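The next block holds one structure in the form of structure tokens; read it before the comments.
The values are calculated or read from the model by the stated rules, or taken from the named source; none is laboratory data. In this text the structure is predicted, and so the values were computed from the model without any measurement. Cβ placement follows ideal geometry from the backbone for every residue including glycine, while neighbour counts extend to all protein chains displayed.
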């Protein structure tokens, strides 16, 4: 399985690379390239931070340089970034996380799932006087639960009944109004 390594932001400008380059007689780019191979080797070691399996010849081949170039850089790194076969600042620069990304992703998916399945009343503020986000919807919901001027509930369950009653009342008013309008029209003549 591939391992991740952290690369600190000021790594390319760290003055120790210039010192190692001068001591080894090699360029800074070659020093940084060898160090990157060391990071990868240390990340894949059975004990992270150790250079288990390090081979100057393999790194030289990968970088298309002579084996002596890698050996010179490796030797110049002793005391600066290497302590024997161990990267000196490994624990500082490559700390283990308390949780893995898989655990974080699982927790995130669980939060999303529970939020999506939560009843709407739990997701927004239900206090009609609150100034927090969602209070407009909460006030509207409270208003819908109240009793209208006709004594009927404005809630969802009574909405259809209320509309049907309003239609019936309008029909009755029109019939009664028509009966009253005819005599009025006759009087105006």
Evaluation of residue 74 against (1) surrounded by 10 or more Cβ atoms within 10 Å (Cβ to Cβ); (2) closer than 30 Å to residue 23 by Cβ; (3) without any contact (Cβ under 8 Å) to a residue 24 or more places away in the chain (one fails), failing number: (3)
Residue in segment 74-87 that is within 18 Å of residue 3 (Cα to Cα), touching a strand residue (DSSP E or B) at 6+ places or on another chain (Cβ under 7 Å) and modelled with pLDDT under 95 present: yes
So residue 32, is it more than 40 Å from the chain's Cα centre (by Cα), surrounded by 14 or more Cβ atoms within 10 Å (Cβ to Cβ) and part of a helix (DSSP H, G or I): no
Tally, over segment 1-29, of residues that are under 35 Å from the mean Cα position of the chain (by Cα), part of a loop (DSSP other than H, G, I, E, B) and under 18 Å from residue 79 (Cα atoms): 1
